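Working notes, structure below.
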Amino acid sequence: MIAESPVRVDVPAMAPVPGSERKGLTKKELAADHPTWCPGCGDFSVLALYFKLIEKRKLTHEQFVSIAGIGCSSRFPYFVQAHGVHFIHGRALPFASGISLSRPDLHVFAFGGDGDAYSIGGNHFSHTARKNVKLTYVVMDNWVYGLTKKQTSPTSPLGFKSKTDPWGAVDYPINPMKQAIAAGATFVARTTSTNPNHVLAMMEAAMDHDGFSFIECLSECVEFYEGAFDAANPRKGGMFKEIPKDHDATDETAAYQLAGTDFPGYFGIFYNINKPTKNAKEAEINRGMMEKVKGLKDWQILQKTFDRLK
Ligand SMILES: Cc1ncc(C[n+]2csc(CCOP(=O)(O)OP(=O)(O)O)c2C)c(N)n1
Ligand code: SF4
Ligand SMILES: [Mg+2]
């Protein structure tokens, strides 16, 4: 998929060869194998909306990539008939970062679950956020480890009975929104798979953001945590509350305060600021370096490096 020199600088958006303009992919073309998720799993909705997003934005195969770690939610790339990688548990973000930095022309989307993102991949989450790598990370949070059949996750609420906490969870859950804001994410949004229009709107805004965009998406595991998000679903007697219209998304303190609201909390874009990305900074460094070795062949550049090390 990515076979380019690691010293590449800036990749301009690919201009189509005249006469070869291609149509964007359709939902039908994108739908791969029948997803193996349990009937009723919230992840179906996120997948369908991702297809809708790609179709709406008229993307072609060579313009985007879907990366995931391990978990039910992380099976995502299997079900997308396009370039993608089902990688190692918790390691979707470093892989996605590598792609984003070497191919800044691509829309890079990473998907995963609460265990993948906040537990085993917790460090990567913080560091990718602080580095402001340009990519979109959608975490399908079901408050449980689904694939491995019901262990406590970092977002499982106190008292949640699971195979690892048969007497009920005793550890305080993390607040993903607060973590993302505190870590330095430049776009932080929250949505729920039961509100399709909202999921699509958040994904669209996230992919247009120049930086690390994070979406916490509640996505029910009907097998191991049924009803977890009923309180956020008007069809189940709950309440879907969008963030107040007067919320200033550039105000970090206000975003943090909103994130502290008790469940079901608010939905929408909590935080959205512009800050130079790692992509832009590295491209600048590379540009300078390329200037220095202008006209030289790869082996000559290598020779120069060896000579310097002598
Ligand atoms: C290094 C490593 N440790 C543990 C596992 C086992 N494992 C696979 S998925 C998973 C948790 C998945 O939970 P989550 O990320 O919330 O995804 P979900 O299945 O709920 O969508 C674990 C512990 C693994 N595959 N690799
Ligand atoms: S176990 Fe849960 S998260 Fe996994 S596919 Fe089934 S419903 Fe979805
Ligand atoms: Mg999970």
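Results, tabulated for the structure shown:
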| quantity | calculated |
| --- | --- |
| Once the Cα gyration tensor of the stretch 69-174 is diagonalised, semi-axes √(5λ) in Å | 28, 15, 9 |
| Ranked by how many other beta carbons lie within 10 Å on average, peptides 251-259, 120-128 from highest | 120-128, 251-259 |
| Beta bridges per DSSP with both ends in the chain, % antiparallel, nearest 5 | 20 percent |
| For the stretch 35-130, convex hull of alpha carbons as volume per residue, Å³ | 94 Å³ |
| Expected-Rg normalisation [2.2 N^0.38 Å, Cα atoms] applied to the stretch 88-237 | 1.04 |
| Amide proton proximity set for residue 107, modelled H, under 5 Å, gap of 5+ | 64, 65 |
| Viscosity 0.692 mPa s, 37 °C: Kirkwood-radius Stokes-Einstein D of the stretch 218-270 over Cα pairs, µm²/s | 268 µm²/s |
| Intensity falloff of the stretch 214-310 expressed as log10 I(q)/I(0), Debye formula with alpha-carbon point scatterers, at q = 0.12, 0.17, 0.23 Å⁻¹ | -0.63, -0.88, -1.17 |
| Residue-span extension gain [residue 266 to residue 127] - 0.36 nm each, minus C-alpha spacing | 47.5 nm |
| Order by protection proxy (mean Cβ within 10 Å, highest first), peptides 163-174, 96-107, 73-84 | 73-84, 96-107, 163-174 |
| Antiparallel bridge percentage (DSSP; both residues within the stretch 148-279; nearest 5) | 35 percent |
| Given charges at beta-carbon only (K, R positive; D, E negative), |dipole| of the chain in Debye | 860 debye |
| Virtual spin-label span in nm between residue 297 and residue 36, 7 Å along Cα→Cβ | 4.8 nm |
| Three semi-axes of the equivalent ellipsoid, the chain, Cα gyration tensor, whole Å, largest first | 36, 22, 20 |
| 301, 285, reordered so the largest accessible area comes first (probe 1.4 Å) | 285, 301 |
| Dipole magnitude of the stretch 23-76 about its Cα centre (Cβ charges: Lys, Arg +1; Asp, Glu -1), debye to nearest 20 | 260 debye |
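The values are calculated or read from the model by the stated rules, or taken from the named source; none is laboratory data. If you're wondering where the values come from, they're calculated on a predicted model, not measured in any experiment. Here Cβ is always computed from backbone atoms with ideal geometry, including for glycine, and neighbour counts include all displayed protein chains. Please note that ligands, DNA and RNA were not included when accessible areas were found on the heavy atoms of the full protein model with its side chains. Shrake-Rupley method; radii C 1.70, N 1.55, O 1.52, S 1.80 Å.
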